[in-house]
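S.K.: Structure incoming, see below.
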Amino acid sequence: MKHTISVLVENKAGVLARISGLFARRGFNIDSLAVGTTEDKNISRITLLVDGDDYIAEQVTKQLNKQIDVIKVRKLDQEEITRRELVLVKVKMSADQRGEIIDIVKIMQGEIVDISHTTLTVEMSDKPEKIDLLIDLLSPYNIVEVARTGTIALQKGAAIV
Amino acid sequence: MITGAEAIVRCLENEGVEYIFGYPGATVCPLYDKLTKSSIKHILVRHEQHAGHEASGYARIKKRPGVCMTTSGPGATNLITALATAYMDSVPLVAFTGQVSSELLGRDVFQEADITGAAEPFTKYSYLVKNAADLPRIIKEAFHIASTGRPGPVLIDIPVNVQTDKLDFYQPEAVDLRGYKPTIKGHAGQIKRVLRAINNAQRPVICVGGGIFAAEGQKELQQFCESINIPVVSTMMGIGAIPTAHPLYMGMLGMHGKSIANRAIIDSDLLIIIGARVSDRAVLLPANVSKNTKIVHIDIDPAEIGKNLDTFIPVVGDAKEILRQVMEEEPEKKSVEWTDALKAAREMLTLDYEPRKAGINPKAFVHLLSRTLPDDHIYCADVGQNQIWSAGNCEVRTGRFLTSGGMGTMGYSIPAAIGAKLAAPDRAVVAVCGDGSFQMQMMELATICQNNVDVKIVVMKNNKLGLVKEIQRKSYKNNESAVDLTGSPDIVAIAAAYGIPGRRIDSMDAAEEAIAQMLGNKGVYLLECVVDENEPSM
């Protein structure tokens, strides 16, 4: 089962090392981890996607809370959050494939951000499942590189962590 | 303006530090230079690991953080075992390490080691100081973090240039860490649930761990168990939480514990765990326990609750505070049937204190030793068979039983005893170790001599790594591998080489008189007890 966990941490050196070390040490499986600053420059937000049962999710939450540099930890309800990932996909293609690929990108509401004689680079920001679908649709062509961020998420409505 | 080193010394004086256990080196020279002008006493250890253990023994008795200090590189890495030992047993330490000059960091220069990185899994928190101006705040925070909540070691790594840089000394009055606010008081709703669980229970048992000492809640625990008549078992870290001879105390539980203590847990319908981690050594089969037993888990560290055992009622907070809160609710006194049955079973236990054909009976010996020592004595047990003999047979009255419980670090007892004695000069302190563990710490005899530390040392000598030998006998078809200590020195002669008086005994007939001689000796003394190599730990 996937859990999305939002963590507010002090924005200072060594915090990410502590947190990633914690996961390795305690054997927690992390699907993705995204870090960035927040509205407060002293605080960073880490969004985690954790794979595991409720026991694992509880342990992750508790161990994170135990860290001195962790200010807040919230396990987010999958139904009540907006989730986004960003992906860049570079596809190698022949001239006659270009039209098909552009069609797929249009339907998926992605964007062509770079083009050369032999390649196209597609950008898309969406739910992780949609990103998976885009990659799947492009896979019959020659995908040469994928760069994908971890999931970030915020609660819907007025709720905040 | 003062230097970083002067600021560190001033901060340590402000914290009321009496002793620093340490070992100098190039990258802490600015700090050592300023230390000579301070009232703080420096204890020169003979290996950095023991600096940490001595600070640990000091902290556990003084109930405030122990301070240790080493140089960068190997000095710092040698300290790691002691940090890990303190971390596992929740002992408050503030450890200072020197570091190479900050502009050289990351270049693998001479004696550079990423110690904050290496020690990260074994410290409650750590700092790599970049600016001298941050030192006063960081040191204040370090003492706060080490000593509050669930105590633990905090590491401060200080590049040598930061020690010589100048700063305007300013120390904030209070510590403000928004991510660190330990819970002290138990949640009122949970306290009510605990009360109901106690009132509904027929066969309640308390399992107490080292957390009770961190909370200084021994008195409250005794009041609690006496006022409602609940039997108590302890983990190894919890030994002495109530006097071991107390009628309600059933002994240590677990793999090496008393059968009656384990029986009490299995038969109970309510298990109240206080300040214990419920590790694998303490509770062999967590699944069996939780099946028929409701579990109340009281701990200041919420991450310990539910980690190893499913918990029915979690209560986060300080053990002393929570015991008071529960007592205020006036729980019903439990029937005497359950406690009487356990007490009767305890009476039936036959203690194996018979003399041996060859060598001394270590169980009888440690029992006799602890009974002969003053009530408030501090007993430091090492790791190995000697630890099991001590844990099962040492009588703790108003004193303390110190050992490396979680980490099981050999070579803990003598340095811990040194620290304990410096923390409580008026109390009798004894270290009991084996001949294996003795050889991991015998260099500290020099520290003892240099500082006239009056500790009594007992070495159980069987020429074997006895506990490993037992594992090999039970699980590896008696194939003894690398457990023979042939080549070991004459231990009494080693002591004599340091000018330490001592003697060897090989029969229980001499035990009483030898103990009296040791305790009557003013100053350090070493007693070697010859033990048969097949003497079992249980």
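The values are calculated or read from the model by the stated rules, or taken from the named source; none is laboratory data. None of the values given here were measured: they were computed from a predicted structure. Because the Cβ atoms are built from the backbone with ideal geometry, glycine has one as well, and the counts that use them run over all protein chains shown. Accessible surface is based on the protein model in full, side chains and every heavy atom, while ligands, DNA and RNA are left aside. Shrake-Rupley method; radii C 1.70, N 1.55, O 1.52, S 1.80 Å.
S.K.: Output the Kirkwood hydrodynamic radius of the range B:149-231, Cα pairs only, in Å rounded to one decimal. If you can, show how the numbers build up before the last one.
M.R.: On the way: mean 1/r = 0.0565 Å⁻¹.
This gives a value of 17.7 Å.
S.K.: Can I ask one more? Provide the packing ranking of B:106-114, B:501-509, i.e. peptides ordered by the mean count of other C-beta atoms within 10 Å per residue, highest first.
M.R.: B:501-509, B:106-114
S.K.: Per residue, how large is the accessible surface of chain B? Use a 1.4 angstrom probe and give square angstrom.
M.R.: On the way: 20920 Å² over 538 residues.
Accessible area per residue, chain B: 39 Å².
S.K.: Another question about this same structure. Hey, what did the range B:362-530 get for relative contact order, percent, Cα under 8 Å, at least 6 apart?
M.R.: Value for the range B:362-530: 22 percent.
S.K.: Once you charge only the Cβ atoms, +1 for Lys and Arg and -1 for Asp and Glu, what is the size of the charge dipole of the protein assembly as shown about its Cα centre, to the nearest 20 debye?
M.R.: 840 debye
S.K.: Any chance you could count the Lys pairs in the range A:2-76 whose alpha carbons are under 12 Å apart, treating pairs 8 or more apart or on different chains as valid?
M.R.: Close lysine pairs found across the range A:2-76: 4.
S.K.: Right, something else. Sorting B:PHE312, B:PHE96 by accessible area (1.4 Å probe), largest first, what list results?
M.R.: B:PHE312, B:PHE96
S.K.: Peptides B:364-373, B:382-391: what's the order by average Cβ count within 10 Å, highest mean first?
M.R.: Going by the mean number of other Cβ atoms within 10 Å, highest first, we get B:382-391, B:364-373.
S.K.: Set the Förster distance to 35 Å, then compute FRET efficiency between A:LEU88 and A:LEU154 from the Cβ-Cβ distance, nearest 0.05.
M.R.: Taking R0 as 35 Å, the efficiency between A:LEU88 and A:LEU154 is 0.95.
S.K.: What does the charge count near B:TYR32 come to, summing +1 for each Lys or Arg and -1 for each Asp or Glu among other residues with Cβ under 15 Å from its Cβ?
M.R.: Counting the neighbours of B:TYR32, the net charge comes to 0.
S.K.: Find out how many positive minus negative residues lie around B:THR403, taking Lys and Arg as positive, Asp and Glu as negative, among other residues whose Cβ is under 9 Å from that of B:THR403.
M.R.: So the surrounding residues net to -2.
S.K.: Between A:GLN97, A:GLN78, A:GLN63, which gets the highest mean-square fluctuation from a Gaussian network model of chain A, Cα cutoff 10 Å?
M.R.: Between A:GLN97, A:GLN78, A:GLN63, it is A:GLN97 that shows the largest mean-square fluctuation.
S.K.: Please calculate the 1.4 Å probe accessible area of B:HIS144, with all protein chains present, and give it to the nearest 10 Å².
M.R.: Per-residue accessible area (B:HIS144): approximately 60 Å².
S.K.: For the charge dipole of the protein assembly as shown, defined by +1 on Lys and Arg C-beta atoms and -1 on Asp and Glu C-beta atoms about the Cα centroid, which residue among B:ALA345, B:GLN517, B:GLY186 has the Cα displaced farthest towards the positive pole?
M.R.: Farthest towards the positive end: B:ALA345.
S.K.: Write down Rg/Rh for the range B:260-358, rounded to two decimals, with Rg from the C-alpha atoms and Rh from the Kirkwood relation over Cα pairs.
M.R.: On the Cα set of the range B:260-358, Rg over Rh gives 1.06.
S.K.: Run the numbers on the range B:2-167 and let me know its relative contact order in percent, using alpha-carbon pairs under 8 Å that are six or more apart.
M.R.: On the way: 371 pairs, mean separation 47.2, N = 166.
With pairs under 8 Å counted, the relative contact order is 28 percent.
S.K.: While we're looking at this one, here's another question. Sequence-distant or interchain residues sharing an amide H contact under 5 Å with B:MET252, placed H: which?
M.R.: B:SER234, B:LYS258
S.K.: Report A:ASP114's accessible area, 1.4 Å probe, all protein chains in place, as a number in Å² to the nearest 10.
M.R.: 80 Å²
S.K.: Round to the nearest 0.05 the FRET efficiency obtained for B:LYS291 and A:VAL146 when R0 = 51 Å and r is the Cβ-Cβ distance.
M.R.: That pair, B:LYS291 with A:VAL146, gives E of 0.55.
S.K.: Here's another thing I want to ask about it. What accessible area, in Å² to the nearest ten, does a 1.4 Å probe give for B:CYS394?
M.R.: 10 Å²
S.K.: Here's a follow-up. Starting from the residue with the highest accessible area, list B:LYS477, B:LYS124, A:LYS130 in decreasing order, probe 1.4 Å. It would help to have the intermediate numbers written out before the result.
M.R.: On the way: B:LYS477 190, B:LYS124 45, A:LYS130 85 Å².
The ranking, largest first, comes out as B:LYS477, A:LYS130, B:LYS124.
S.K.: Another one. Report Rg (one decimal) and Dmax (nearest whole number) for the range A:58-157, counting Cα atoms only, units Å.
M.R.: 18.0, 57
S.K.: Rounded to whole Å and sorted largest first, what semi-axes of the equivalent ellipsoid does the C-alpha gyration tensor of the range A:53-108 yield via the square root of 5 times each eigenvalue?
M.R.: 43, 14, 11
S.K.: Let me check something: with ligands and nucleic acids excluded, how do A:GLU10, B:GLU103 order by accessible area (1.4 Å probe), largest to smallest?
M.R.: B:GLU103, A:GLU10
S.K.: Would you kindly work out the equivalent ellipsoid of the protein assembly as shown from its C-alpha gyration tensor and give its semi-axes, the square roots of five times the eigenvalues, largest first in whole Å?
M.R.: So the equivalent ellipsoid measures 50, 33, 25 Å along its semi-axes.
S.K.: Once the Cα atoms of the range B:362-530 are picked out, what are the Rg and Dmax in Å?
M.R.: When restricted to the Cα atoms of the range B:362-530, Rg and Dmax are 15.2, 49 Å.
S.K.: Once amide H atoms are built 1.01 Å from N in the peptide plane, which residues 5 or more positions from A:LEU76, or in another chain, come under 5 Å H to H?
M.R.: Amide H neighbours of A:LEU76, under 5 Å, 5+ apart: A:THR4, A:ILE5, A:SER6.
S.K.: At 222 nm, what value in deg cm²/dmol follows for chain B if DSSP H runs of at least 4 each add -39500 (n - 2.57) and the sum is divided by all its residues, to the nearest 500?
M.R.: Result for chain B: -11000 deg cm²/dmol, rounded to the nearest 500.
S.K.: Put +1 on the Cβ of every Lys and Arg and -1 on every Asp and Glu Cβ in the range B:72-192; which of B:ALA84, B:PHE96, B:SER72 then has its Cα farthest towards the positive end of the dipole?
M.R.: My answer, from the dipole projection, is B:ALA84.
S.K.: Over the range A:2-76, what is the relative contact order in percent, taking alpha-carbon pairs closer than 8 angstrom and at least six residues apart?
M.R.: Details: 127 pairs, mean separation 35.5, N = 75.
Worked out over the range A:2-76, it gives 47 percent.
S.K.: 222 nm [θ] for chain A, helices only, -39500 (n - 2.57) per DSSP H run of 4+, per residue, to 500?
M.R.: Helix contribution divided over all residues of chain A: -9000 deg cm²/dmol.
S.K.: Restricting to DSSP loop positions (anything but H, G, I, E, B) with no more than 12 other Cβ atoms inside 10 Å of their own Cβ, which chymotrypsin sites (Phe, Trp or Tyr not before Pro) remain in the range B:156-250?
M.R.: Counting only loop positions with at most 12 other Cβ atoms within 10 Å, the chymotrypsin sites (Phe, Trp or Tyr not before Pro) in the range B:156-250 are B:TYR170.
S.K.: Using only the alpha carbons, work out the radius of gyration and Dmax of the range A:2-76 in angstrom.
M.R.: That works out to 11.4, 34 Å for Rg and Dmax.
S.K.: Where does the Debye-calculated log10 I(q)/I(0) of chain B sit at q = 0.09, 0.12, 0.13 Å⁻¹, using only Cα point scatterers of equal weight, no solvent?
M.R.: -0.68, -1.14, -1.28
S.K.: Please list, ordered by chain and number, the residues whose modelled amide H lies under 5 Å from the amide H of A:ASN142; skip anything fewer than 5 residues away on the same chain.
M.R.: Residues meeting the criterion, in which the H sits 1.01 Å from N, are A:LYS92.
S.K.: Oh, and also: Would you mind pulling out the separation of the Cα centroids of the range A:31-100 and the range B:493-518, in Å?
M.R.: First find each Cα centre; the distance between them is then 64 Å.
S.K.: Mind grabbing the interface size between B and A? I mean buried accessible area, both sides, 1.4 Å probe, in Å² to the nearest hundred.
M.R.: Buried area (both sides, nearest 100 Å²): 1500 Å².
S.K.: Only four residue types carry charge here, +1 at the Cβ of Lys and Arg and -1 at the Cβ of Asp and Glu. Report the dipole size of the range A:2-76 about the Cα centre in Debye, rounded to the nearest 20.
M.R.: 200 debye
S.K.: Rank B:CYS529, B:ASN478, B:VAL430 by how far each Cα sits towards the positive end of the charge dipole of the range B:362-530 (+1 on Lys, Arg Cβ; -1 on Asp, Glu Cβ) and give me just the farthest.
M.R.: B:ASN478
S.K.: Which three lengths, in whole Å and largest first, does the range B:2-167 cover when its Cα atoms are put on their principal axes?
M.R.: The principal-axis extents, from largest down, are 38, 31, 29 Å.
S.K.: Next question, about the same structure. Where the only charges are on Cβ atoms (+1 Lys, Arg; -1 Asp, Glu), what is the dipole of the range A:21-137 about its Cα centre, to the nearest 20 debye? Before the final figure, lay out the partial values.
M.R.: Numbers: 17 positive and 22 negative charges, 122 e Å.
Computed about the Cα centre, the dipole is about 580 debye.
S.K.: How big is the Cα convex hull of the range B:485-538 in projection, averaged over all directions, in nm²? Don't skip to the answer; put the middle values down first.
M.R.: Numbers: hull surface 19.1 nm².
That works out to 4.8 nm², a quarter of the Cα hull's surface.
S.K.: Over the protein assembly as shown, with every protein chain in place, what whole percent of the accessible area is carbon and sulfur at 1.4 Å, could you tell me?
M.R.: Ligands and nucleic acids excluded, carbon and sulfur reach 51 percent.
S.K.: Which loop trypsin sites (Lys or Arg not before Pro) in the range B:153-257, with loop taken from DSSP, have no more than 14 other Cβ atoms within 10 angstrom of their Cβ?
M.R.: Qualifying residues, ordered by number: B:ARG178, B:LYS185.
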